[in-house]
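Here the structure is laid out as structure tokens; the discussion comes afterwards.
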Amino acid sequence: MIPHKAETFRFDGDEGAVFCPGATLEDMNSLYSKIHIYANKEHEIDGISYYCTISAGIAMLGTDTDNYLGLLKCAMSALEASKKKGKNMCTAFTPGLLQSNLHIMELTNELQRCVMNGMDGFSVVYQPLVKSDELGLKGAEALLRWYSPKMEKVGPAEFIPLLESNGNIETVGKWVLDKAFCTCKKWIDRWPDFVMNINVSYVQIIEDDFVSYVEELLKKYDLPARHIVLEMTERYFVTDMPTLKATFQRLQDIDICIAMDDFGTGYSSLGMLSQTLADIVKIDRMFISLINDKEHFFNRSFIQAVISLCHSIGISVCVEGVEYEDELDTVRSMSADSIQGYYISKPVTPEEFEEKYWNS
Ligand code: C2E
Ligand code: CA
Ligand code: CA
């Protein structure tokens with residue numbers, strides 16, 4: 001499939017390069033198509049069928065760069081982009097790609113520096129959760145924030161995956177747990193039934209010492225475990241349940257509740273709710289939008305179905321992302337157990353939280 005005048009190189013593992021002098025972008029795209037079609041077909045080796053995906057990046061000498069090292073760098077960036085978009089595709093290099101890689105590298109370095117520097121610039125904010133019936137305070141979700149004067153504002157959805165991939169999430173996650181446990185201890189003096197929800201990453205929870213660290217913190221703050229809920233995003237409940245089962249069980253044995261976060265965004269179905277180990281299901285905020293729109297019955301029916309199903313098996317339900325009064329009314333009429341969203345309050349600092357709720 002490779003043109004005669006082309007040269008092929010192998011890098012390491014399953015990565016290679018094809019260098020085609022004089023080729024146009026169109027030529028390169030059609031070369032990719034050929035290889036793609038071939039690779040995606042069923043292949044049989046020793047009587048076993050295999051399917052193979054292939055990701056690629058194209059860089060043009062003379063247009064994207066004027067030297068060979070640059071060509072390699074541009075091609076690599078384009079390849080990375082294909083992998084990030086879901087693999088099995090080809091991307092042509094654009095200068096924006098290099099910039100976004102550079103931005104990620106700068107962010108990663110700055111995050112690393114801040115973590116090493118005693119969690120410089122990190123803080124935890126708290127978003128209240130209210131009971132659906134009388135809208136009284138039920139607890140809060142601890143949410144991580146990070147600010148560096150060297151960087152533009154970045155949200156947790158952007159920096160947490162970077163912490164996960166550079167191995168810092170363990171340190172940061174432990175720090176969040178410590179902060180949130182400490183705040184919780186203080187707030188249960190004011191609200192005896194207060195419950196603190198804390199997000200945990202998969203990378204963090206599979207560490208050998210995770211449960212013992214949680215136990216250590218409960219001791220350190222003399223905090224009864226029933227005030228703690230650990231939230232984990234839905235997709236791991238399906239994909240890695242065997243790995244997580246024992247850890248969840250150990251946490252539940254000491255009275256810590258597990259919440260399945262962002263329900264409806266991952267791979268689970270309503271059917272698997274009956275087998276889940278979660279004590280609480282948090283319905284993702286995408287379902288609340290259009291809940292009162294007559295043309296979009298699905299979201300409303302979905303929320304209603306999840307609430308009914310969960311209640312029938314003793315799981316409580318929190319609806320996230322309630323931003324407007326009419327959404328609140330609808331969710332309350334469906335008897336969700338708890339509600340969270342900007343309509344109640346945005347996440348706030350502990351001081352603001354106390355100011356807002358201390359005397360209520
Ligand atoms: P999440 O766990 O689903 O947290 C809820 C997110 O929705 C928060 O975003 C919150 O600010 C936002 N939110 C709450 N109510 C509303 C609303 O009414 N409308 C809209 N549009 N948004 C609302 P945030 O703080 O940016 O956090 C994003 C995600 O980052 C979190 O999603 C969670 O997955 C992750 N995260 C945050 N803190 C931590 C942490 O300490 N550890 C880990 N592992 N992940 C964290
Ligand atoms: Ca959460
Ligand atoms: Ca969520």
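The values are calculated or read from the model by the stated rules, or taken from the named source; none is laboratory data. All figures in this text were calculated on a predicted structure; none of them were measured in a lab. As a convention, Cβ positions derive from the backbone with ideal geometry for all residues, glycine included, and neighbour counts pool all protein chains shown. For the accessible areas, the whole protein counts, side chains as well, though only heavy atoms, and no ligand, DNA or RNA atoms are used. Shrake-Rupley method; radii C 1.70, N 1.55, O 1.52, S 1.80 Å.
Of the conditions (1) touching a Phe, Trp or Tyr at 6+ places or on another chain (Cβ under 6 Å); (2) under 24 Å from Q204 (Cβ atoms); (3) open to solvent by less than 10 Å² (accessible area, probe 1.4 Å); (4) not hydroxyl-bearing (S, T, Y), V238 satisfies every one except a single condition; which number is it?
(3) is the only condition that V238 fails.
Being part of a loop (DSSP other than H, G, I, E, B) and more than 16 Å from ligand 3 (Cβ to nearest atom) is the filter here, so list the residues in segment 177-203 that pass it.
Initial filter on segment 177-203 (part of a loop (DSSP other than H, G, I, E, B)): 191-194, 200-201.
Result: W191, P192, D193, F194.
So for segment 320-333 (the condition being assigned to a loop (DSSP other than H, G, I, E, B), closer than 30 Å to Y213 by Cβ and touching a Phe, Trp or Tyr at 6+ places or on another chain (Cβ under 8 Å)), does at least one residue qualify? First the steps, then the outcome.
Taking segment 320-333 as the starting set, the residues that turn out to be assigned to a loop (DSSP other than H, G, I, E, B) are 320-324.
Add one more test, that the residue is closer than 30 Å to Y213 by Cβ, and what stays is 320.
Restricting the remaining residues to those that are touching a Phe, Trp or Tyr at 6+ places or on another chain (Cβ under 8 Å) gives none.
The answer is no, given that none of the residues of segment 320-333 is assigned to a loop (DSSP other than H, G, I, E, B), closer than 30 Å to Y213 by Cβ and touching a Phe, Trp or Tyr at 6+ places or on another chain (Cβ under 8 Å).
In segment 316-333, is there at least one residue being within 16 Å of ligand 2 (Cβ to nearest atom) and over 23 Å from the mean Cα position of the chain (by Cα)? Walk me through it before giving the result.
Pass one, segment 316-333, residues within 16 Å of ligand 2 (Cβ to nearest atom): 316-322.
From what is left, the residues that are over 23 Å from the mean Cα position of the chain (by Cα) are none.
No, every residue in segment 316-333 fails to be within 16 Å of ligand 2 (Cβ to nearest atom) and over 23 Å from the mean Cα position of the chain (by Cα).
Let's see how each residue does on (1) open to solvent by 70 Å² or more (accessible area, probe 1.4 Å); (2) within 14 Å of ligand 1 (Cβ to nearest atom); (3) of a type in the set (A, V, I, L, M, F, W, C); (4) touching a Lys or Arg at 6+ places or on another chain (Cβ under 6 Å):
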| site | (1), (2), (3), (4) |
| --- | --- |
| D222 | yes, no, no, no |
| I228 | no, yes, yes, no |
| T276 | no, no, no, no |
| D279 | no, no, no, no |
| F287 | no, yes, yes, no |
| K294 | yes, no, no, no |
| I307 | no, no, yes, no |
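Scan segment 256-267 and give yes if some residue there is open to solvent by 50 Å² or more (accessible area, probe 1.4 Å) and among the polar types (S, T, N, Q), otherwise no. Talk me through it step by step, then tell me what you get.
Within segment 256-267, the subset open to solvent by 50 Å² or more (accessible area, probe 1.4 Å) is 265, 267.
Of the ones still in play, those that are also among the polar types (S, T, N, Q) are 265.
So far as segment 256-267 goes, yes, one or more of its residues are open to solvent by 50 Å² or more (accessible area, probe 1.4 Å) and among the polar types (S, T, N, Q).
Tell me yes or no: at least one residue of segment 86-97 is at pLDDT below 95, out of contact with any Gly (no Cβ under 8 Å at 6 or more places or on another chain), under 24 Å from H4 (Cα atoms) and small (G, A, S).
So far as segment 86-97 goes, no, none of its residues is at pLDDT below 95, out of contact with any Gly (no Cβ under 8 Å at 6 or more places or on another chain), under 24 Å from H4 (Cα atoms) and small (G, A, S).
Examine segment 21-31 for a residue that is touching a residue at least 24 places away in the same chain (Cβ under 8 Å), within 22 Å of L162 (Cβ to Cβ) and open to solvent by less than 70 Å² (accessible area, probe 1.4 Å), and state whether such a residue exists.
no
Go through segment 272-302 and report how many residues are among the acidic types (D, E) and touching a Cys at 6+ places or on another chain (Cβ under 8 Å). Steps first, please.
Restricting attention to segment 272-302, the residues satisfying the condition of being among the acidic types (D, E) are 279, 284, 293, 295.
Applying the additional criterion that residues be touching a Cys at 6+ places or on another chain (Cβ under 8 Å) yields 279.
Count: 1.
Here are V195, V176: which of them is modelled with pLDDT of 95 or more, within 16 Å of ligand 1 (Cβ to nearest atom), within 18 Å of P156 (Cβ to Cβ) and of a type in the set (A, V, I, L, M)?
V176
Condition test on I188, is it open to solvent by less than 30 Å² (accessible area, probe 1.4 Å), farther than 23 Å from H103 by Cα and over 18 Å from the mean Cα position of the chain (by Cα)? Lay out the reasoning, then the answer.
Details: open to solvent by less than 30 Å² (accessible area, probe 1.4 Å): yes; farther than 23 Å from H103 by Cα: yes; over 18 Å from the mean Cα position of the chain (by Cα): yes.
In short, yes.
Cβ-Cβ distance below 6 Å, separation of 6 or more or different chains: which pairs start in segment 113-134 with a residue that is over 18 Å from S338 (Cβ atoms) and in contact (Cβ under 8 Å) with a residue 12 or more places away in the chain and end on one that is in a strand (DSSP E or B) and among the basic types (K, R)?
From segment 113-134, the pairs are S123/R145; V125/R145.
Consider V317 carefully, then state whether it is of a type in the set (V, I, T), touching a residue at least 12 places away in the same chain (Cβ under 8 Å) and assigned to a helix (DSSP H, G or I). So that I can check it myself, show each step before the final result.
Values: of a type in the set (V, I, T): yes; touching a residue at least 12 places away in the same chain (Cβ under 8 Å): yes; assigned to a helix (DSSP H, G or I): no.
So V317 fails the test.
Quick one: how many residues across segment 336-360 are more than 9 Å from ligand 1 (Cβ to nearest atom) and open to solvent by 70 Å² or more (accessible area, probe 1.4 Å)?
Looking only at segment 336-360, we keep the residues that are more than 9 Å from ligand 1 (Cβ to nearest atom), and these are 336-339, 348-360.
From the residues that got through so far, the ones that are open to solvent by 70 Å² or more (accessible area, probe 1.4 Å) too are 351-352, 355-356, 358-360.
Looking only at that region, the number is 7.
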